[in-house]
Amino acid sequence: MVLYFYPKDGTPGCTQEAKEFRDLGEKFEEEDVVILGVSKDSVESHRKFKEKNRLPSPF
């Protein structure tokens, strides 16, 4: 498992980081690694962030 913490959904740095994890997703899947991002934002904020940036489940 990769567990990473970020300050806020939708900020430039956090978005770039999430997209980099997304783009490397196949390599993580090959190793049976799950990526989980954690921030203090609401569930609704996470849902919108995930949808807007096409992030996989779980993320």
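Quick notes
- Long-range HN-HN contacts of I35 with modeled amide H, under 5 Å: V2
- Cross-link partners of K40 among lysines, defined as those whose alpha carbon lies under 25 angstrom from its own and excluding same-chain residues fewer than eight positions apart: K8, K19, K48, K50, K52.
- Normalised by 2.2 N^0.38 Å, where N is the number of residues, the alpha-carbon radius of gyration of segment 2-52 equals 1.13.
- Each residue of segment 44-58 was assigned a 3J(HN,Hα) from its phi angle through the Karplus expression (A = 6.51, B = -1.76, C = 1.60, θ = phi - 60°), giving 5, 4, 4, 4, 5, 4, 5, 5, 4, 9, 6, 8, x, 9, x Hz with x at Gly and Pro.
- Given +1 at the Cβ of Lys and Arg, -1 at the Cβ of Asp and Glu and no other charges, the dipole of segment 11-59 around its Cα centre is 400 debye to the nearest 20.
Computed from the coordinates by the stated procedures, all read-outs in this text should not be read as laboratory data. Note that the structure is predicted; figures quoted are calculated from it, not measured. Reconstructed Cβ throughout: ideal geometry from the backbone, glycine too, with neighbour counts over all protein chains shown.
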